[in-house]
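Okay, structure first, notes after.
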Amino acid sequence: MLIVGEKINTSRKEAREAVEKRDAAFIRSLARRQAEAGAHYIDVNCGTFLKEEPELLSWLVQEVQQELDNAPLCIDSPNPVAVEAALKVHQGKAMLNSISGEKERYEALLPLVVQYGCKVVVLCMDDQAGIPPDAATRFKIASRIIDGLTAKGVKVEDIYVDPLIQPISVDTKNGLAAAETIRMVKESYPGVHAICGLSNISFGLPERKLLNQAYLVVCATYGLDAVILDPEDKRIMALVYASEALLNRDPYCGEYLKAYRKGFLKM
């Protein structure tokens, strides 16, 4: 399972303060810790700084990549100006989080996806339906975007569909709606990936980590093969390795055993 480390995000207090102060040492340390904990991509998001976002996002990209020897990053912004500034300085193949079926956003970001050849996260929402409550409508939106991307030359293996998880505290059907969207996408587009963040599922409920951990396993059984999370959370990372082994996605349990030897399975 592909892991995207979520912690360099200025919606988090410590990250916001570090970006505000241009504290490169803190940002580099945060990136390094996530990579060493098992993240394959590091998410960079400074969307709370609206006017400065293009400058700050490109700064984050350069600092993190210098620290991690040009490891790939997930550029997390809907702002095409900020996205382009970040992609211009990114070394190697980036991931863009995210494009959607919303006309303005789609038309602004599609040329950048094509020009820079990056991986792209697809959100199952559009101008008409917003975030639909049901899996069938989410799948229709995802299908339309996937077909549009591939028609422009984007490889199916570079597409990651996010079903958009919503809290079960609002509607207990939300968990299954997102999981079923994953299943439909994976069955209809075998080369396309499914990605999500987990924390929204538990919003408003006690013992949130427990629900997030359980939902990771649920989504894995429906075909989830990429996840945005805190890789320093040892319990949820252990569940990633265990789920992959149990679902026959880890030949000879190689990644599970490697994680064990590195101490990643100790909770």
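Determine whether the stretch 232-255 contains at least one residue that is in the same structural domain as Leu112 (by TED's automatic domain parsing) and in contact with an Asp or Glu (Cβ under 7 Å, 6 or more places away or on another chain).
no
With a cut-off of at least 3 residues that are charged (D, E, K, R) and under 18 Å from Arg12 (Cα atoms), name the helices (runs of 4 or more DSSP H) lying wholly within the stretch 35-117.
none
For (1) at pLDDT below 95; (2) of a type outside the set (A, V, I, L, M); (3) closer than 22 Å to Ile159 by Cα, each residue gets a yes or a no:
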| position | (1), (2), (3) |
| --- | --- |
| Asp225 | no, yes, yes |
| Leu229 | no, no, yes |
| Ile236 | no, no, no |
| Ala242 | no, no, no |
| Ala245 | no, no, no |
| Cys253 | no, yes, no |
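From the list Ala194, Ala178, which residue is touching a Leu at 6+ places or on another chain (Cβ under 6 Å) and not assigned by TED's automatic domain parsing to the domain that holds Arg32?
One residue alone meets the criteria, Ala194.
The values are calculated or read from the model by the stated rules, or taken from the named source; none is laboratory data. These numbers come from a predicted model, not from an experiment. Positions of Cβ are generated from backbone atoms using ideal geometry, with glycine treated the same way; all protein chains shown enter the neighbour counts.
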